[in-house]
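For reference, the structure discussed in these notes is given below.
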Amino acid sequence: MANLYEISSQYLATANQLADMDIDEQTLTDTLEASAWPVEEKVRAVSAVILNLQAEADMVKAASDKIAKRAKALQSRADALHDYLLINMQRTGITEIKALDGTFKAKLYRERDANIVIDLENLIPADYMREIPARYEPDKVLIKKAINDGYEVPGAHIVKKDRLEIK
């Protein structure tokens, strides 16, 4: 069976041939309607496949969201238990615990990590400051409004595209 591209090409070729022939408009219309049937059937079939793929993609995304939510919950639980273990090892003075079978160990390194805390940023000398330049990027919403209002925006233009909706 021919694909949609081949069928639509055949339809267009038939339409061009008929346009070159000296036939009345009703005959032309009837012939084109009869020729359009395979194109319409193929469009229906392709549309059905698109809807099925979109439905499957939605189901996969829903499953993915559920798995991501579960992973986040598990990580939160692991983080909470990590903090719980840290606090209790600090309280008891225990610095190392090994599994009885030797498969893992928990080791507390006292005052190993150092983080800087900024108490009052305005008191920090300029020598210890860095400049983060502002970032500029085109505001597409503003540009579109300006062009639609009749203004020319150098370096930008609107491109109109076709949209196919299948519901």
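The values are calculated or read from the model by the stated rules, or taken from the named source; none is laboratory data. The structure presented is a predicted model; accordingly, all values stated were derived computationally and were not measured. All Cβ positions, glycine included, derive from the backbone under ideal geometry; neighbour counts span all protein chains shown. The area values use the complete protein model at the heavy-atom level, side chains included, leaving out ligands, DNA and RNA. Shrake-Rupley method; radii C 1.70, N 1.55, O 1.52, S 1.80 Å.
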task: Check off (1) within 37 Å of the chain's Cα centre (by Cα); (2) open to solvent by less than 90 Å² (accessible area, probe 1.4 Å); (3) at pLDDT 90 or above for I166 and give me the number that stays unchecked.
output: (3)
- request: Scan T103, T95 and give me the residue that is polar (S, T, N, Q), in contact with a strand residue (DSSP E or B) (Cβ under 7 Å, 6 or more places away or on another chain) and farther than 30 Å from I158 by Cα.
  value: T95
message: List pairs: first residue in segment 45-59 and within 21 Å of Y5 (Cα to Cα) and in a helix (DSSP H, G or I), second residue at pLDDT below 90 and of a type in the set (V, I, T) anywhere in the structure, Cβ distance under 7 angstrom, at least six positions apart or on different chains.
response: S47/I166; I50/I166; L51/I166
query: Can A146 be described as over 30 Å from I50 (Cα atoms) and either in contact with a strand residue (DSSP E or B) (Cβ under 6 Å, 6 or more places away or on another chain) or assigned to a loop (DSSP other than H, G, I, E, B) (or both)?
result: no
- prompt: List, please: which pairs have Cβ atoms under 6 Å, are six or more places apart or on different chains, and start with a residue in segment 80-99 that is in a helix (DSSP H, G or I) and end with one that is open to solvent by less than 80 Å² (accessible area, probe 1.4 Å)?
  reply: M89/L108
